[in-house]
Amino acid sequence: MTEVMPQFIQVKLDRAKKETTEEVTEEVTEEVTKETTEKVTRDYLLNILNTTNLTLDGAMDLLGIPEADRPMYKDLLKKK
């Protein structure tokens, strides 16, 4: 019995560690993906604005950016 208990505890610790690692990895991946998407979309917007006569809203229409996300991209472009 005394030999089984440490193994049981180790299995529980390993499972908890794996679950925590997966959760953290998922959160970091989501954040990095979001940041990358915002940067790429910002770069696309700048490229469109620099190479066409479209307005910012026209460029966002072209890229299919939802109305709810447009203020965020307008702020990102102001930071340039």
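The values are calculated or read from the model by the stated rules, or taken from the named source; none is laboratory data. A quick note: this is a predicted structure, and the numbers were derived from the prediction, not measured. Quick reminder, even Gly has a Cβ in these numbers, built from the backbone with ideal geometry, and neighbours come from all protein chains shown.
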Query raised in the report: Quick one: would you say residue 41 is under 17 Å from residue 74 (Cβ atoms), in contact (Cβ under 8 Å) with a residue 24 or more places away in the chain and of a type in the set (Ser, Thr, Tyr)?
Result: yes
Requested in this report: Kindly check whether there is at least one residue in segment 46-60 that is β-branched (Val, Ile, Thr), free of Cβ contacts under 8 Å to residues at least 40 places away in the same chain and assigned to a helix (DSSP H, G or I).
Outcome: yes
Query raised in the report: On the given criteria, is residue 33 modelled with pLDDT under 90 and not charged (D, E, K, R)?
Result: yes
Query raised in the report: For residues in segment 49-80 being over 21 Å from the mean Cα position of the chain (by Cα) and exposed (fewer than 10 other Cβ atoms within 10 Å of the Cβ), which is farthest from residue 39 (Cα to Cα)?
Result: 53
